[in-house]
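All remarks here apply to the structure that follows.
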Amino acid sequence: MIPSGTRTRGLNISSYNYLGFAQTRGGCADAVEACINRYGVSACGTRLEGGSLDLHTQAEALVARFVGQEDSMLCSMGFATNSTVIPALVGKGSLVISDELNHASIRFGVRLSGANVRTYKHNNMKALENLLREVISQGQPKTHRPWKKILLIVEGLFSMEGTMANLPVIMELKKKYKFYLFIDEAHSIGALGPHGRGVADYFGINPRSIDILMGTFTKSFGAAGGYISGSRALVDRLRLSAHTGTYTESMSPPVVMQVIASMASIMGISPTLSSSAVTPRAEDTIDMEPFPGKAPMAILPSWMPLSPTMVDGSDGSMRLRRIAFNSRYLNRGLRKLGFITYGCDDSPVVPLLLFNPGKMAVFSRMMRTRQVPIIVVVVAYPATPLVTSRVRFCVSAAHTKEDIDMLLTACDELGDLLDLKQGQGDRWPLKEIIDRAVELVNAPGDA
């Protein structure tokens, strides 16, 4: 592709900016600007060698409060959060059970750990239970000794499929078979659940019953890096044994501030004041308000500028409502037009099946060359099976209903042209979908 040298305003439907916090104005941007004036742009060291700031401790306390765990640890890169922490959790004599569609960072971390690994068919709970029975009864290869540790790793929201982990059934299996559970919430944290707290919030499950919650800040929070959260003993151990604390650069202060400000916007801020000048840790503040609750003032920087919509949580609530509406509207609208899509209605990741790899480049180019260009991502083999080539839409709270209408209109036209409408079920004309959007979104079950 040859750059034209011009600028054209388009509709970006491929970004992970789920809650729209990647913006240049607003309370988060003001907080980041104040942070740069105070700290600069780098901590200039690793967390264990002089690179820890009070901001990092405050952010870890806030993340733990946000996800409902005792403590948390930050990592400056999302991919490295998995690839450097998993080897510290399991090793030789341990078994990792992994969903077949888990992210490459999980696969890489498991490979580095030296643990045995078994996979099961994507989101198939019967296959998972059969595998659990087999590995527990047979034990380790050759010796048949019991496994030192069995760790199940799943994603909260699978980024290529738009499907959620069947967490209620997994928790029942966890009680029955006594394995450890690791959930990668890179795409679900912030974007799912009535309070934006991820897949556990979506299903109404106590996050303390999950051993390890991992997530990234690159999607819903408009920042960079990731986190690991769990019990205080576990996180303290990982601070020393995981490579992320020893070898990776600390998160940049402005990035940490973006995380703090965006999480505080989602949570709202409780006016609780700290009686101590010492920066509080997560264990000092986690019980100040029942989960899910507001962010205690005590764990926020005292100099942080606070907008009224951040304090009362109205900004975050508005973003959560908009991402929920946009996700359901696009998912259900595409199905009513006759397309085949993967995933659940509430997923902000919407894969639309193109099937034929030859149609991918045509679909992408025709979207990009419209009067208002629409930027999409098309995905094919080897990232997906050869016959399930797809375009992956990622909706955001920053999108308006008019933006989704524009996308549905373009898909309707290209679907007829490229013969993509292979879905079954009741179909609606485009105008009816646009006019009855609220009714479509509020309809129970899969509309």
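Hydrophobic (A, V, I, L, M, F, W, C) and either surrounded by fewer than 20 Cβ atoms within 10 Å (Cβ to Cβ) or on the phi > 0 side of the Ramachandran plot (or both), is that true of residue 79?
Here the answer is yes, as residue 79 does meet what is asked.
Which of (1) touching a residue at least 40 places away in the same chain (Cβ under 8 Å); (2) not in a loop (DSSP other than H, G, I, E, B) is the odd one out, the single condition residue 347 does not satisfy?
(2) is the only condition that residue 347 fails.
So is residue 154 assigned to a strand (DSSP E or B), of a type in the set (A, V, I, L, M, F, W, C) and crowded, with 16+ Cβ neighbours inside 10 Å or not?
Criteria met by residue 154.
Would you be able to tell me the number of residues in the stretch 1-60 that are part of a helix (DSSP H, G or I) and without any contact (Cβ under 8 Å) to a residue 40 or more places away in the chain?
Selection size over the stretch 1-60: 3.
Name the single residue that is surrounded by the most Cβ atoms within 10 Å (Cβ to Cβ) among those in the stretch 203-248 being over 22 Å from the mean Cα position of the chain (by Cα) and of a type in the set (D, E, K, R).
239
Report every pair of residues separated by at least 6 positions or lying on different chains whose Cβ atoms are under 7 Å apart, first residue within the stretch 109-127 and of a type in the set (Ser, Thr, Tyr), second part of a helix (DSSP H, G or I) and surrounded by 14 or more Cβ atoms within 10 Å (Cβ to Cβ).
113/86; 113/87; 120/127; 120/128; 120/131
So residue 63 fits all but one of (1) over 17 Å from the mean Cα position of the chain (by Cα); (2) modelled with pLDDT of 95 or more; what number is the exception?
In the conditions (1) over 17 Å from the mean Cα position of the chain (by Cα); (2) modelled with pLDDT of 95 or more, residue 63 misses (1) alone.
This table checks each residue for (1) in a loop (DSSP other than H, G, I, E, B); (2) closer than 26 Å to residue 235 by Cα; (3) out of contact with any Asp or Glu (no Cβ under 9 Å at 6 or more places or on another chain).
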residue	(1), (2), (3)
129	no, no, yes
133	no, no, yes
140	yes, no, yes
143	yes, no, yes
162	yes, no, yes
183	no, yes, no
202	no, yes, no
205	yes, yes, yes
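Which of the residues that make up the stretch 381-413 are part of a helix (DSSP H, G or I), modelled with pLDDT of 95 or more and out of contact with any Phe, Trp or Tyr (no Cβ under 6 Å at 6 or more places or on another chain)?
Those that are part of a helix (DSSP H, G or I), modelled with pLDDT of 95 or more and out of contact with any Phe, Trp or Tyr (no Cβ under 6 Å at 6 or more places or on another chain): 401, 402, 403, 405, 406, 407, 408, 409, 410, 411, 412, 413.
Quick one: in the stretch 85-118, which of the residues that are part of a helix (DSSP H, G or I) and in contact with a strand residue (DSSP E or B) (Cβ under 7 Å, 6 or more places away or on another chain) is farthest from residue 253 (Cα to Cα)? Working first, answer last.
Initially, the stretch 85-118 is screened for residues part of a helix (DSSP H, G or I), giving 85-89, 104-113.
If we keep only those that are in contact with a strand residue (DSSP E or B) (Cβ under 7 Å, 6 or more places away or on another chain) too, we end up with 85, 89, 106, 110.
Numbers: 85: 22, 89: 28, 106: 27, 110: 30 Å.
Residue satisfying both the conditions and the ranking: 110.
Confirm whether residue 73 is in contact with a helix residue (DSSP H, G or I) (Cβ under 7 Å, 6 or more places away or on another chain) and under 21 Å from residue 242 (Cα atoms).
yes
Count, please, the residues in the stretch 223-258 that happen to be aromatic (Phe, Trp, Tyr) and under 19 Å from residue 198 (Cα atoms).
The total comes to 1.
Select, from 21, 108, the only residue that is among the aromatic types (Phe, Trp, Tyr) and in the same structural domain as residue 200 (by TED's automatic domain parsing).
Being among the aromatic types (Phe, Trp, Tyr) and in the same structural domain as residue 200 (by TED's automatic domain parsing) holds for just one of 21, 108, which is 108.
Restricting attention to the stretch 167-191, report how many residues are surrounded by fewer than 17 Cβ atoms within 10 Å (Cβ to Cβ) and within 28 Å of residue 347 (Cα to Cα).
Going through the stretch 167-191 one residue at a time, the tally reaches 4.
With the requirement that a residue be out of contact with any strand residue (DSSP E or B) (no Cβ under 8 Å at 6 or more places or on another chain) and at negative phi, what does the stretch 178-212 give you?
Hits for the stretch 178-212 are 194, 195, 197, 201, 203, 205, 206, 208, 209.
The values are calculated or read from the model by the stated rules, or taken from the named source; none is laboratory data. Remember, predicted model here, so these are calculated numbers, not experimental data. Note that each Cβ is placed from the backbone with ideal geometry, even for glycine, and that neighbours are counted across all protein chains shown.
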